[in-house]
Each structure stands twice: as C-alpha cells, then as structure tokens.
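First up is the structure itself, then whatever we jot down about it.
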Amino acid sequence: MEYKDYDDIDSQDSQRVSFDFKGFLFKALNLWKLVLLCVGIALIVAYFINVRKENIYRLDSLITIDNDQNPFFTANTSISFNWGGTSGKVGSILTEIKTRTHNELVIDSLEYYKEYLKQGKYHLTDIYKSAPFDVKTDKSKPQMLGREIGIKILNNTTYELFYEFETDRVLCQMFDSKKKITNNVTLGLFTKVFKFGEVVNTPFFNGVINLKDEALISEEDTYFVRYLNYDSVVNRYKNAIKIDPYSRQSSSVLKLSLIGKNKSKIVDFLNATSAILSRTELERKNLYATNTIRFIDSSLGAVNDNLKEVTTEMNDFRKVNKVFNVEGEIAQISEQLKSYDQEKLTEQSKLNYLNSLENYLKTKTDYTKIAAPTSVGIEESNILNGVRKIIALSSERRNLEYSTKEGSILFEDLDRQIDTEKDVLLEAINVTESTIGVQLNTIGRKIANLESKLIGLPEDQQEFLKIQRKLDLSREAYDIYQAKRGEAAIVKAANISDITVIDDAKDIGNAPIGPNKSLNYMMALMIGFFSPMFLIFIIYLLDNTIHGSDEITKMSKIPILGLIGKYRYKNNLVAYEKPKSAVAESFRAIRSSLQFIFKNNSSETTRANTLMITSSVSGEGKTFTSINIATVYALSGKKTILLGLDLRKPKIFDDFNITNEKGVVNYLIGDSTLDEIVVNTHIENLDLITSGPIPPNPSELLMGNKLKELINSLKQDYDMIILDTPPLGLVTDALELVQYADATIFMVRLDYTKKGMLQLVNAKYRTGELKNISFVLNFYRHKNNHNYGYGYGYGYGYGYGYGVYGNAYHEKDKYSLGKRLRNFFKRL
C-alpha cells in the first residue's frame, strides 16, 4: 500500500486547480430547491410587473409630399414660387416635424400639458377624453405644476376640489406666456365645493370645470387634473414622434408614428401634427404671393388717393370753365401724351421698386419677405432669378435654425451663398436702374416736344388737357395695380398644400406593443434560474472543502480505506450498542481492509498490530473512529487496547463513564505503573488507557523513551493497539507517533476538511514522514459522491458538532446561530 511514485502525486496535486464541471453540476443539483425557489419568486415578480404596468400602444399615419403646380400659374403671372422640388421638401419636413416650434403649435392646440387622471387599481390612469368633465384653463393665470389636483363629483351640479399641501410654496406656470412663478399656499388639506361652470380662482388652480352632457357619474370615483411643465411636454413629444420614409421606392411618402399609453391621445397628436404641418407648409408656399399682395396694397393706397384728388380737380375745373372737349388735332396730341405718360409711369414704378429692393437688401437680414418683381412689370431674368435664389436660401437657413446650433459650418456656407447672390442681384439692380433712367429721359424729351405744340392753345384748354392727362394716368396706374393684385390673390387662393394626408391616424383596436408579458416571464425565468446558478458557481469556486471521494482521488494517490456514514446517536459507542447499523458495518469493512495492510507488514517478533488514527484538525471524527474500530476488533475476539495520546484535548473517557485522573501522562512522568493506568471497559476484550491530566509539555513527553517502553509492553499483551492521536494539521505530536504505527488512518470529514490539508498529507507522504497511510471518509452521504464510484451508499451517518473549523481544538465548542443556519442550508 506504500506508494513511491511521487511525480505522479505531484501531477495529482496540480489537478486541483482545474475546474470540475461535473462537481459543479452535482452541487447545483443538490441545491435544486434553491433554484426552484428563485425561479418561483422571479415569476411572481414578473406577474406583478405585468399586471401593474399600463399597456403601451403604437399608432401611425401616412402623408405624402407633392410638388404641386398652381393651376393658375402661367408665364404671365410669375408669382408662384417653387421651393426646390419634392426632395428638398421631404428633407424640410423631416427636419420641421422634430423642431420645438412645430411641436409647440401641436401641444398648444391640444393642451397636452393638462392631464385628466383617474385612480386605478394600482396607479393613476390617463383617461383623456373619457373624463366626465372638461377643464377650461385660464391660461393667463398660474396653474400648479406636477401635482394631482383632486376632483370629487358630488352630484350633477357640484363637485369638490381638494389637495393636501405639504409645503407652503408651489411652482406654477402661466400657459399663455409660459412664465413660471412660485405661489404661496396654506399648509394642510385644501377642500372646497364649487358648482360646475363656476369660475375657480385659487393660488394653485384657475379655470372653469364643466360637466359633460350625458356624463356617467359615480360617487365612488375620484378624478385628478395635473398640469405639466410646458417645455418638458414639448420636449417629450418632440423626441417621441418618429417620421420615416414609408418605402425605398417612394421617398415622398412619409410615415408618422408615436408610442404612448392612451390611444386617443396618440390619434389626436398624429392628426394634429399632419394638419399643422400642412397649414404651415401652405403658409410658406404662399409667402411669395403674400409679400406681393402686401406690396401692391401699400402702392394701391397711394394711387387711389391720387386718383380721387385728380378726379375732384377735374370736376371742379369743368364746373368753372365749361370745357368738356378739344379739337381733333389737339385730341390726337393728347392721346400721344397719355401713351408716353403711361410708359413713364411704368418705368417709374420699376425704378421705385428697384430702389426699395436695393435699400431692403442693404438694411435687412430676413430676405423671405421680398415681393415679386413681376408685380411692377420687371421681366429681367437676372433680377427674377436673383430674387428667387435669395428667398430660397433664406428659407433654407431659417429651417436650419430649428435643428442646428448657431455657429455651425452649415450656416457659414449658406451665408456665403446669400452674400454672393445679393452682390450679383445688387449689380443687376444698378444696371437695370441705369437702363430705366435712360428710358425715362427719352420719354421725358418726347413729352416735352408734344407739350410745346400745345402752348398756342387757350389757357383753359391747356389746363383741361393737363388735368385730363393726370386723370388718365391715375386711372391707368390704378387699373394696373388692381390687375396685379387680383392675379396674386388668385394664385394664393388656388394654392394647396404640398402635404396630403393619405391615411389618418385611427384607433382600430390596435393590440398593445408593451409590456411584452411573454418577454417579462422569459426574463424572469432566466434571471430566476441563472442568478442562483451564478451564486452557486461563485460559492463553488470559493469553496475549498472536500465534498466527495472523487475530489480526494483527483488530489491524492493515497488510497481510501473506507467510508463512514452519517448517523445520529447519543454517544460514540455505535458499533457496540447498534451493531446492526450501517455505521457499524462500515467499521467492520474498515477492519477487513486493515487486515491486508497488516498482513503485508507482519512481524514475527510481536503479535500486536498498531493502528494510528489522526486527522487534519479537531472535529473530523478521529476519536469517534478510534473508539469504534477498537470496538469491532474487540468484538471479533482480538484483545484490543485503545490508547489516548491526544494529550492536549482528551475525549475518549466520557463514553466509557470513567475519569481522566490517571492515564498516559502519569505513566510517562513516572507517577503510575502500567497496571495502574489500564482500565477494563464493559466491552469484552477492550481495554483503555486515557491520556490523563493535560501536561504543560505534551510534545516532549511523547518524544521520550517512556512511550516506546509503553508501546513495547502493550505489544506483548495485546493483539491490537489503537492510537488516538492529536490532529496532524495543528500540532506535531502525531508525527512523533508515526514510528510506532504499522498503519495510519487519516480522517477526512466531508463538507468540513479543507483541500489544503490533503496537500499537507501528500507532502509528508512524499518525504516519507507518513507511511502506510489511508483515508477514511467520515460524514459520507451517497449523493455527495459525484461519480458514485465508491461503495457504501447508506443514507445514515453519525452527527456531532465540533465548532468552527480548526479552532475547536483550542477553544470551547460553540453552537452559534450562524452555524445552525449553515447546517440548515447544507441539508437542502
């Protein structure tokens, strides 16, 4: 049984660092109750999460972006304006719908900063239009933010308004100016009864509450109204709304979608978004015509006043001078003058427009309000193209301000383009002004030439012709401006938005998209399973105790001599008092295995065999095994003596109801003879020598010659000598006794002995300090043996406690609450 292949033992030691997956699996299987409990708890938590969470819905709508041409747009009108085609509009819409300005318009139109709430089973529920009353908010007065104002309907005419204040100041907001203020309130419960339709003015709420027609009233229901921070609501919806191309094939069709808890609110928001988007796009599309109409109106007013003055002047002249006509030749000259005057008026209008445009470009920065040059008859392509480009670039810059920070390189690029186009346009304006100036001078000379032919006429006729020319000129100017204004008005009226709703948002019974109850249960199942498994894994990694015979075979080449099951009994005399028990059979099996060891080491000089029983620390069953092995040998007819050599903490005397007054110590110090210390027990063939009083120098006593004399004397009289020695891992006494032993048993208590102690035994075995050593496993349970490779599958065992690992040898045994809990969980 002695092994000399020390290299093989070293290789076995190295195996202890590898991960034993099979051992971990059996550890987890042993704790199946814990895993099942965690899974059950996780599923219960998931159930409560699912029933408490509100359903989440997603609805959507479809819009299309077209590049519509105005049906009244012709080459002669030239007032309609194209904003860059469909692709440019799609990009503009994608940007605009995520802007704060657009979402503020939607929130203001729907008043989504106001919530109607009802107390549900688990939480407050947003009931929106389902509320039996309607709150008309006084937007000019402050409303308390973020707190639920209670409304209890008493009957068809009255209700109770209540709120309990925990502080004397509350944050309020006025929703017309969006200004926030802090109002003082009275601590405690505020409650007051109001009539429906009555104006309510309080420091925290101002408005009117009206009961809806045919509203179903329940006195058990409690409702709440809550005002939210305006900016937070706008920001929430701005981030929540999604807009994407409906398909790759049709980029002009866009899909609007929104996720929320109330389907009616989602529907209203999406439809309001589409409506406001269409309206603002139409306003932007009509901007060119609107600016032109505004310009014409301002000019038409002055022309109209001038026409009235000239008409009055003509009427007054005719009343005094009675002149109503002139001769044919004079009339022909007058018609020519009228034609030149009209040309002069037209050119002067162009010049006035160009002067106004030049001044506007030099003094303004918003170029989106420029009127159409064609409104005064300017057809120069350089000016028309320049105005259109500047307006388009200015509109693009304004849209970019909603989504890009000031100082961006995009702004710099646009500003450079605008400045370039402005310089080109100003140059074109200067050239055109010079051309118009030349034309005005030519017309002026023609008019002067014709006027010289009228000098010979009577003064009254000259005056008549002069007034008639002014009247005709004013009428012509008035007619021109009226025609241009009518043209612009027709273009504006005929314009339609380029945004068309294909599919309105509608609640058609859409199923909720959340909470994903199946996913929650699946997550709970995974968390409930893997959490304890991870805990078991960590415990398994940190666990350095021995749990099964397979661990020992991996860590050491020292053979396992036998297994002792777990068995609860009142004392250590199990083999004698319970001879038919499984534990007693285990000791008889160990006795049989020892016979092979003793046969190989038999000596003809003495008839006795010496067996030393030791362990790593106290509490591993060393004394229990010593007593019962001695008992089974004695019961087999062999004269046996049990020698208590644990001089530091003697124990064996208690089970035999004797005292420890005299023993080995007395013999070693020469105080008693051998006959005086030997005690005959009530078990036939079994004698006992206790350790005696605890000496101050136990190691020195065991190293003396007296012990050798004692062992030699006992070998002459007994067939079997059992040595109950101190723990090998705590003191060196056991090593001093190895020389007297024919065989050595090293006790390993499962779930207690540390793996490091086997390294100690292996080291001493390699150096030859321990010979003929074998392991005996105590507290063995069949389910602990992962590979089921060893023989005794008894579900019994011997139970007794030795306190905290290793300390029990020097300290008094303690049964702490922590140990009781640990023992309980170990039994799971």
| request: Would you mind listing how long region 81-202 runs along its three principal axes, going by Cα atoms, in whole Å with the largest first? | output: 61, 31, 31
| Cα centroid separation - region 338-406 against region 111-145, whole Å | 50 Å
| query | Roughly speaking, what is the stretch gain from residue 122 to residue 439, that is 0.36 nm per residue apart minus the C-alpha to C-alpha distance, in nm to one decimal? | reply | 105.7 nm
| remark: For residue 60, other-chain or 5+-apart residues with amide H closer than 5 Å (H placed, Pro excluded) are 506
| field | Filtered trypsin sites (Lys or Arg not before Pro), region 159-222: DSSP coil and at most 15 other beta carbons within 10 Å | value | 178, 212
| remark: Sorted by chain and then number, the residues having a modelled amide H within less than 5 Å of the amide H of residue 165, at least 5 places away or on another chain, are 188, 189, 190
| message | Please compute the length gained on full extension between residue 58 and residue 521, using 0.36 nm multiplied by the number of residues separating them and subtracting their Cα-Cα distance. | response | 164.5 nm
| message | Quick check for me: using +1 on Lys/Arg Cβ and -1 on Asp/Glu Cβ, what's the dipole size of region 203-314 about its Cα centre, in debye to the nearest 20? | response | 860 debye
| request: Grab the beta carbon distance between residue 297 and residue 264, set R0 = 45 Å, and tell me the FRET efficiency rounded to 0.05. | output: 0.55
| So which lysines pass the test for residue 22, namely a Cα distance under 17 Å, with those fewer than 8 places away in the same chain ruled out? | 554, 783
| Sparse-neighbourhood loop sites, trypsin sites (Lys or Arg not before Pro) in region 218-315 - DSSP loop, at most 14 other Cβ within 10 angstrom | 248
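Taken together, the values in this text are just the output of simple stated rules run on the coordinates, not laboratory data. Every value quoted in this text rests on a predicted model; they were computed, and no experiment measured them. Please note: Cβ atoms are built from the backbone with ideal geometry, for glycine as well, and neighbour counts cover all protein chains shown.
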